[in-house]
Each structure stands twice: as C-alpha cells, then as structure tokens.
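The values are calculated or read from the model by the stated rules, or taken from the named source; none is laboratory data. Just so it is clear, the model here is predicted, and its values are computed rather than measured. Ideal geometry is used to build each Cβ from the backbone, glycine not excepted, and the neighbour counts take in all protein chains shown. Ligands, DNA and RNA are stripped out before the accessible areas are found, and what is left, the full protein with its side chains, is counted by its heavy atoms. Shrake-Rupley method; radii C 1.70, N 1.55, O 1.52, S 1.80 Å.
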Amino acid sequence: MKIIYQLLLLTISLLFSVELTAQKLAIDSLQKKRSIGREVSFFVDESQNLSIDEIIFEDFKTSTMEVPNFGIARGNIWLCFTLTNNSRFEDLFLEISQSTLDEVVLYDLEKDRTDVQGDKYPFDQRDHNFTHFVFDLEISKGETKTYYVKVNSSNQVQVPMHLGSYDMIQQSNQNLNLFLSLFLGLMLAMIFYNAVLYFFVRDSSYLYYVLYISILTFTQLTPHGFAFQYFWPHSPWMSQYSMFIFPIAVGVSGILFFNVFLATKKYFPRLIWVFRFLFLLYAIAIVLVVTGEFKSAYSLIDLTAMTVALTMLIGAAVIYRRGNRTALYFLAAWTIFLVGIVFWVLKDTGVLPYNNLTNYMMLLGAGVETVLLSIGLADRINSYRKEKEESKMNEIRALRENERLISEQNVLLEQKVKERTEELEALNIELKKALESVIKTQNKLLESEKMASLGQLTAGVAHEINNPINFVSSNIEPLKRDLQDLEELLELYSQLDKDNFEEKIEEIEQFKEEIDLKYLKDELKEILRNIEEGARRTSEIVKGLKTFSRNDQKSKIPAHINAGIESTLTLLNSKLSDIHVELNLNDIPQILCYPGKLNQVIMNIITNSIDAVKAKFGKRKEGTIRIETSYNVERKEVQIEIEDNGTGIPEEIRKKIYDPFYTTKDVGKGTGLGLSIVYQIIEAHEGEIILESEEGKGTLFRIILPVKG
C-alpha cells in the first residue's frame, strides 16, 4: 500500500512538473508549417548526465527567439512543449531544420516512446527520407501531449522547429531539395566546363578553379544535410566532421586560386605573407578539431573565414588598381559571396535571425560567385589572347621593318663583302706563310727543348761514362804486369829440352812461387770482369742516350713504354744518387706512339720531381720518387704514374704550369717550355695528363694513353 502511495505522489508531481515547465501551444487552423521557436522551453544540461526521468524536474526557461540559438554548447540542450491538436489533421509532425546536429531525440512520455535521429547515425536509420530531422508526434485530433527533445552537436546548435502535416513538411523538403539540386547542377556544370577548358588552354588557373568550386560545392551542401543524404549516407563520421573539414579546405583552395588567378606574386607579393599566416590559423583549427575542442575550432574557422574573405576583397582591389583588370570580376564575385558569408556568420552568432534569407544567402552567393569567376577566367584568357595578338602584330611590323632595313643594307653589305673578301684572301695568303713559319718555329722549339734537356744531362752522362772507363783504365797496368809475368813463365817453358829438363823445371817452379801463379790467374779473371762490366755500363749509357735522343718517325710506331722509362732513368742516374726510386713497371702492351717524344715527357716530369725533392731535402736521403705503369683492360688504356714527396705545387701555380715560357726556376735553370711541351705531346697521343699536388707534401702526375692498333 505504501509503494502504491509513493507511485501516486510521483505521478502527481510529474504531471505538475510538466504543467510548469512545458510551454502550451494549440494548433487550430494550419495552412502551412508553423514555427514554434517562441513557444518552447529549454534547459542546458552541461553535465550531459541527466536522463529524461531527471530532466522533468529541472527549471526550464522560455525561449525568446524564433529559432533558439545556443552557439557551440557543451552538453545537451533540452526543449519541451505541450501540444493540443485542434487542427483538421489526424496527425502532426515536428521538423527540426538544422541538419548538422549530432543527435536529436524525441521523447513521448505518454506512450513511453523515443525517436532517435542525428548525424552520428547512418542516414537510412531515419523513419522519413528527409534532409531535415522529421518526427511523427502521433497526436490525434483534440489530443494534448507533452514532448521533450534532446539535442547535442559538436557544431553550431540552432534549433529551428516547425509543426505541420506530413504533406506540408514533404513539400517544403522537396522545394529545398529542388533548390539544392539546381545549385548542385549549376556547380557541376561549372566544374565540367572549366575542366574541359583546362585541357584545351592548359592554364593552371582553371585547374585551381575546378578544385576550389568542387570543394565549395560540398561546403555549401553540407550544412543543409544534402551531402550526408546523397554522398555519404553511411558515414556518420564524415557527416559530423564535414562542417570542419570543408570550411578549412575551401579557405585554403580559395587562397591558392586567388594567387594564381590574380598573379599575387607579381602585383601584390606582400599579400603572400598574410595568406601564410591564415594558413597557420587553419592549421591551429585542425589541431583543435583533432583534440576535441570543437567550440574553439568552430569559432576560429568562422573568424578565419571572415578574415580570408576581407583580405581577398582588399587584395583584389589593390591588384585591380595596379593594372590587373581581371581583378574587377573577382571583386564583383567575391563581394556577393562575402555578403553571403557575413549573413551566415552573423546568423551563427545570433546577430541576425535564422530564416530562409540568412540560411540560404551564402548558397546563392556561392552560385553567383562561381558564374562570375568563370566569366572572369574567360575574360582573362581573352585578355591574354589579345595581348598575344598585339604582340604578334608588333612582331610582324618589326619583321617587316627589319626586312626593309635588310634589303637596304644588302646592297651595301654585298659591296663590303666583296671588298672584305679580297682583303681576306690576301690576309689568308699571309696567314698561311705565318702559320708555316710558326710550325717551323714550334718544331725548332720542341727540338731545342729536347736538346736543352740533353744539355743539362751532359755532365751527368759524362760522369756516368767516366766511371766505367776508369774501371777499364785502372785495370790496364795490373793487366800488363800480369801478362808480362805470364810471358816470362811461357819463355821459361819454351827453353825446356831433354838436356836441361830437371834444371829448368826447378827454375820454373821457383818462378811460379815468385809470381804466385794461382793469385795471378784469379787477378786476371777479376781484371777481365771489371773491364767487361765497364764496357757493359758504357754500352747501356750509350744505348739509353741513343734511345732517348733518336729522331721520331713521321707516323706512330709500336713501342714499349717501360723501355723508355728505363733508358730515361739510366740517363738520370747521376742525379738520382741521393733519391730512392720505387720502380714498379707492370706488364703492359705496346702502344702506337712517338717514342722519342714520350721519352721527353718522362724525362721532363722526372727532372721536375728531382728538383722538387732536392729543394725540400737537399742531400738528405729522404726523397722518394715512385714510378709505376699499369694497364686498364676494360678501357684499353696504359697509365703512367710519377709521384714524388717533394715541395709540391701551390694552388695558384697549378693553373699556369702548362703555359708556355712559365717557370718558377731561377734564370738560366729553366726555359718554361718543359710542361708545355709535355701537354702538347700528350694531346698529340690523344691522351690525358692529370695533376694532383699538395703544397709541402708532394706531387703526382698521372698520364693516360690509349692503346690502339
């Protein structure tokens, strides 16, 4: 009994609470949809924890706006009203015309019925295939009911509420869909038209324009629920976040199009920095969306959109004043679109009322803007075409003028050409004579440099020949003495006969002991060896000198590079007494060359290496010259490396070493032709010479010669 009593008290209090909180409205004659925004009560549940059983006890406030506007509210918005159906309709429907609400729940307490809709649910879960949220109130004629509506959203929360029959609501939705379809058709036509134009004219402005109006189309269709209904009905996530994604994307693509369309870099380059700052604001808005700060993100996006619109308007005006006539079309189009943006933002912030004008003004502005910008693009192309035609005409006029001048000058030129031809023929004869003289002089210089090199070697070669000659001359006296002893011994043997045999044998043996015959024979062998060695070394020096100084053939002949290096070292032996020579002559093939000239190349480089080593070390035996030959089978090239650890060549001198008559040696010690001749000889062999040097550490010359034939 006590439980029944408590339930009775709860029911009475519930009815009393409903009577106090719910606004009463009666529907009598109903010719069209009726707005009930001022006839509902509301309560904001910031905790989002109150249930329908708890909310009926809360203190609801009466709405004073035709369309209740709660901004970007944190929490659930509760609305309630008590309805009496005195109309001719057996049933009434509630329409909430804000399509971007995440969740809308209708509570019918009398029937314990709940109807749930919203962007967070797939579109096909709705009972009625309408862009807006439509609820069947299930109220008969003469019946009175109290309804509660719970609303929440991550976007702007505006709740335009209308009552009407099903046919009225269906008709209004059909009109809205027709209007949105016409807008979509216009935008698709503009997208297709300008895309086709891009493929013909290949102007990047069209590509950016197609990108911009494609994003703009979805940006305008999203707030009205059209995009969710027809493009992504099974993606609640896209529906919820599209109100953040597309406004950012349209702002960025609009700026990119603006820069290309109006040539911002040319006419107003400082504006680029302003746009970069706006890009930063959009990036911050994206971060706010990702972190769930939807209220701050939505406010920042609205503020940035207004700033972008005003910046483009001012920028277009400045660019127009600076001579870009295309900016006039942008100014007209953007002004109209800006009016739509202003209406939309002021409607969101509650400054302007929510009605068809404020709700669809930006849509209309976007359509007009698209058409005007398309006309502007066409005018831009026409302007370019006119400029090209004028430029072409100017070129034609200039060409005709040039033809006239050329025809006038041809007569004079022909006369001058004839005179110059005669002069050139005479000059050509003189040049041939001079060239022949130069060639003769060059050949003499080459030969004189070669002889100069030989002259520098004269003392060394004389010393080298003198040593083996001394070998021979110093052994002549001992040889004479030994031969005289042998003659005396032979004379004693010749005096032997039968009568004095024993006496002479004894005398002979005594003489053998006196001359020490065994030592005499050994000494003779040693003397002969010394004479033979002296003769051999003299022969090698003469042979090396002959090889080095021989006259080259008029054409290339096969020759061994290693033999030329060995003969050169033989001639330079006296200069190399205090220098360690690392000789690594590998097995390489013969090459077609001028052997004498190549010997001169090797001689000049080794001589320079000797001078560099002695300049650094003096008579200390620390200098080293490495000479190595190798063969690259794949490239068919012979390589000669001559490296020393001498003074090295400074960087400023390296650029001049091949210049004729350039030398760093003292007067009388160098002609300045050595390396110049080396370079010419290597070029004549179609080869390459590479220099690597570091001051104070040494120098490496690498000679690369092709193997032909």
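The figures follow:
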item: Additional length obtainable on full extension of the chain from Ala563 to Glu686, 0.36 nm per residue less Cα span; result: 42.2 nm
item: Whether region 43-191 is rounded, prolate or oblate, judged on the alpha carbon gyration tensor where a/c under 1.5 counts as rounded; result: oblate
item: Whole-Å distance, taken between Cα centres, linking region 241-270 and region 104-170; result: 39
item: Accessible-area composition of region 111-158, carbon plus sulfur, in percent [1.4 Å probe]; result: 39
item: Accessible surface, region 181-267, averaged per residue in Å² (probe 1.4 Å); result: 42
item: Per-residue SASA entry for Thr335, accessible area with 1.4 Å probe, Å² rounded to 10; result: 60
item: Heavy-atom accessible area ranking, 1.4 Å probe, most first, across Glu513, Glu488; result: Glu513, Glu488
item: Pairwise label distance in nanometres, Ser296 with Leu517, each label 7 Å out on the Cα-Cβ vector; result: 12.6
item: Reduced Cα scattering model of region 171-293, Debye log10 I(q)/I(0), q = 0.11, 0.16, 0.19 Å⁻¹; result: -0.49, -0.92, -1.12
item: Difference of contour (0.36 nm per residue) and Cα-Cα distance, Gln171 to Phe277; result: 33.6 nm
item: In Å², nearest 10: area of Leu412 left accessible to a 1.4 Å probe; result: 90
item: Distance violations [Cα-Cα > 20 Å] among Lys504/Lys525; Lys621/Lys656; Lys597/Lys621; Lys556/Lys597; Lys24/Lys150; Lys33/Lys295; result: Lys504/Lys525; Lys621/Lys656; Lys597/Lys621; Lys33/Lys295
item: FRET efficiency, 1/(1 + (r/R0)^6) with R0 56 Å, evaluated for Thr144 and Ala317 via beta carbons; result: 0.40
